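To keep things clear, I will list the structure first and then write my remarks on it.
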Amino acid sequence: MSRYIIRRFLQAVPTLLFVSVVVYGLIIISPVDPLAIYEENPDITPADMAMLEYRLGLRQPAFLNFRGSAGTLNTDVVLLNKVPSAEGSEPTVTGELAAGTKVAIIDGAQDESGERWIKVLHLDSRTTGWTLREHANIRINPLDSRYFKWLFALLQGDLGYSNVEHRPALDMILERLPATLLLMSISFIGQLLVGLPIGVISAVKQYSLFDHVFTVLAYAGRSIPIFWFGLILIIIFHATLTWPSWAGDMAGKPLFPGGGMYDVRLRQELGYTPWWDYVYHLILPVTMLSIFGAAQYMRYMRASMLEVIHQDYIRTARAKGLTERAILYGHALKNAAIPVVTVMALGLPILFAGALFTETIFSWPGMGKLYFRSAQRVDYAVLMGYLMISASLIIFFNIVADIVYALLDPRIRYD
């Protein structure tokens, strides 16, 4: 078993590298420009934009850099605001730099005559502009690219720096993680406590009224769009229903809060948030997630249990005189749980990843909402950190599922 576990972890390394390349490429080719919010700002000069491009690496090659990122001028140069062309307005001078000046290379282009141009940035004077490629001695390092800079930083435990909130991406993730763990762990436990027993009972009482009712409810729970169901919960239990007159100070107020993690006014009055206020705000989002997930586990458990209870060894156990309870819980349930463990292993990473629709609809300050906002604002560091941690957890819990298989079924051996 130990050798198998080590082998699986070693196999996870190239898998994660492949995932990082694909995800990084998809983010890079997105049509949204992170600097678009600055383009209409009259206080941002071209030199400021160039400085932002340099610091964020937005004009560097994505994966392999054969253009170079830095160099030294070998002659005095006059910098232009754009590459000269036969059409359009003539370029204007943006500055002058002396020979021997060290510059950063932030872009490259080729004019109609075939001459190669580079856009350089002098950090000290914040001077930027275009000059011919031959005017600079450039150091070429293929790994001096955006992806490999991110990868080398990741290996040192640095997820990067948010280009929107100007904070470490890891700090932003850790800030949202407790709220997501609270919501998702309670929902996950609720899904198992509701879905698994109902699945077992439906299988044992196949084609009974109980089985028909919960089968229909399970199909409905899986078919209803989760965002629509969340909105219905808000409309009914927040916007429509209110506390009755005998409820004292709560009379006339919405039955359940429609969003947020706690009551801001109550927190200001008390100086802290009582535990029951967290529970009160958890009711609707947990209900939404638990019903949706319980329907899934109920269907898997029922199908797996039906397959097991018709096996020969179950009939043999009955013939030996074992009680139905001993047969179900001592023999059938353990073997029926193996397929369900796979589904659970894929669901556990969601405890970290959060629920995008639920957190957005109920304004829950968790990982799902952070991911959605980061995707809207093209916050590369936060997106990559979130996705890579999620991918790592998926691989890890799949390995855990393989280990649990061996514990549930003695016939499974990996060594």
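The values are calculated or read from the model by the stated rules, or taken from the named source; none is laboratory data. Just so you know, these numbers come straight off a predicted model, no measurement behind them. Here the Cβ positions follow ideal geometry from the backbone for every residue, glycine too, while neighbour counts run over all protein chains shown.
Taking region 88-110 on its own, how many of its residues are surrounded by 14 or more Cβ atoms within 10 Å (Cβ to Cβ) and closer than 16 Å to residue 78 by Cβ?
6
Of all the residues that make up region 299-326, how many are farther than 28 Å from residue 216 by Cβ, touching a helix residue (DSSP H, G or I) at 6+ places or on another chain (Cβ under 9 Å) and of a type in the set (Val, Ile, Thr)?
Looking only at that region, the number is 0.
Going by the conditions given, is residue 307 among the charged types (D, E, K, R) and more than 23 Å from residue 343 (Cα to Cα)?
no
Where residues in region 19-54 are within 17 Å of the chain's Cα centre (by Cα) and not β-branched (Val, Ile, Thr), which of them is farthest from residue 398 (Cα to Cα)? Reasoning before the result, please.
First, pick out the residues of region 19-54 that are within 17 Å of the chain's Cα centre (by Cα): 19-28, 30.
Checking which are not β-branched (Val, Ile, Thr) leaves us with 20, 24-26, 30.
Numbers: 20: 18, 24: 23, 25: 25, 26: 25, 30: 30 Å.
If we take residues in region 19-54 being within 17 Å of the chain's Cα centre (by Cα) and not β-branched (Val, Ile, Thr), then 30 is farthest from residue 398 (Cα to Cα).
Among the residues of region 222-230, is any among the charged types (D, E, K, R) and either more than 20 Å from residue 343 (Cα to Cα) or touching a Leu at 6+ places or on another chain (Cβ under 7 Å) (or both)?
no
Inspect all residues belonging to region 333-351 and state whether any of them is touching a Gly at 6+ places or on another chain (Cβ under 8 Å) and not hydrophobic (A, V, I, L, M, F, W, C).
yes
From (1) surrounded by fewer than 20 Cβ atoms within 10 Å (Cβ to Cβ); (2) at pLDDT 85 or above; (3) outside any loop (DSSP other than H, G, I, E, B), pick out the condition that doesn't hold for residue 138.
Of everything listed in (1) surrounded by fewer than 20 Cβ atoms within 10 Å (Cβ to Cβ); (2) at pLDDT 85 or above; (3) outside any loop (DSSP other than H, G, I, E, B), residue 138 misses just condition (2).
If I ask for residues that are more than 24 Å from residue 379 (Cβ to Cβ) and not in a helix (DSSP H, G or I), which ones from region 1-44 would you list?
The answer is 1, 42.
Out of all the residues in region 308-329, which are over 20 Å from residue 202 (Cα atoms), of a type outside the set (Gly, Ala, Ser) and surrounded by 13 or more Cβ atoms within 10 Å (Cβ to Cβ)?
322
If the requirement is being in contact with a Gly (Cβ under 9 Å, 6 or more places away or on another chain) and exposed (fewer than 13 other Cβ atoms within 10 Å of the Cβ), which of these qualifies: 31, 14, 42, 46? Quick ask: steps written out before the conclusion?
Details: 31 fails: in contact with a Gly (Cβ under 9 Å, 6 or more places away or on another chain); 14 fails: in contact with a Gly (Cβ under 9 Å, 6 or more places away or on another chain); 42 fails: in contact with a Gly (Cβ under 9 Å, 6 or more places away or on another chain).
On inspection, the qualifying residue turns out to be 46.
Scan (1) modelled with pLDDT under 80; (2) surrounded by fewer than 19 Cβ atoms within 10 Å (Cβ to Cβ) for the single condition residue 144 breaks and write down its number.
It fails just one condition, (2).
Given the conditions (1) at positive phi; (2) modelled with pLDDT of 85 or more, report the number of the one that residue 151 does not fulfil.
(1)
Taking the condition in contact with a Gly (Cβ under 9 Å, 6 or more places away or on another chain), more than 24 Å from residue 193 (Cα to Cα) and in contact (Cβ under 8 Å) with a residue 24 or more places away in the chain, does residue 385 pass? Can you show your working first?
Values: in contact with a Gly (Cβ under 9 Å, 6 or more places away or on another chain): yes; more than 24 Å from residue 193 (Cα to Cα): yes; in contact (Cβ under 8 Å) with a residue 24 or more places away in the chain: yes.
Answer is yes for this residue.
Just checking, does region 284-295 include any residue being out of contact with any Ser or Thr (no Cβ under 9 Å at 6 or more places or on another chain), without any contact (Cβ under 8 Å) to a residue 12 or more places away in the chain and surrounded by 13 or more Cβ atoms within 10 Å (Cβ to Cβ)?
No, region 284-295 contains no residue that is out of contact with any Ser or Thr (no Cβ under 9 Å at 6 or more places or on another chain), without any contact (Cβ under 8 Å) to a residue 12 or more places away in the chain and surrounded by 13 or more Cβ atoms within 10 Å (Cβ to Cβ).
Find the residue count for region 207-224, including only residues that are part of a loop (DSSP other than H, G, I, E, B) and either among the aliphatic types (A, V, I, L, M) or surrounded by 15 or more Cβ atoms within 10 Å (Cβ to Cβ) (or both). Break it down into steps so the answer makes sense when it comes.
Taking region 207-224 and keeping what is part of a loop (DSSP other than H, G, I, E, B), we get 207-208, 224.
Of the ones still in play, those that are also either among the aliphatic types (A, V, I, L, M) or surrounded by 15 or more Cβ atoms within 10 Å (Cβ to Cβ) (or both) are 224.
Number satisfying all stated conditions: 1.
Let me confirm something: among 300, 313, 329, which residue is modelled with pLDDT of 85 or more and of a type in the set (Ser, Thr, Tyr)?
300 is the lone residue from the list that is modelled with pLDDT of 85 or more and of a type in the set (Ser, Thr, Tyr).
Give the number of residues within region 120-134 that are surrounded by fewer than 19 Cβ atoms within 10 Å (Cβ to Cβ) and touching a residue at least 60 places away in the same chain (Cβ under 8 Å).
Start the filter on region 120-134 by keeping residues that are surrounded by fewer than 19 Cβ atoms within 10 Å (Cβ to Cβ), which leaves 123-127, 132-134.
Checking the rest, the ones that are also touching a residue at least 60 places away in the same chain (Cβ under 8 Å) come to 123, 126-127.
Number of matching residues: 3.
Helices (runs of 4 or more DSSP H) wholly in region 252-364 with at least 3 residues that are hydrophobic (A, V, I, L, M, F, W, C) - which ones? Don't jump to the end; show me each part of the working.
On the way: elements: 264-270, 275-309, 312-319, 324-327, 333-347, 350-353, 356-361.
So the answer is 264-270, 275-309, 312-319, 333-347, 350-353, 356-361.
Considering only region 225-250, how many residues are free of Cβ contacts under 8 Å to residues at least 24 places away in the same chain and surrounded by 14 or more Cβ atoms within 10 Å (Cβ to Cβ)?
2
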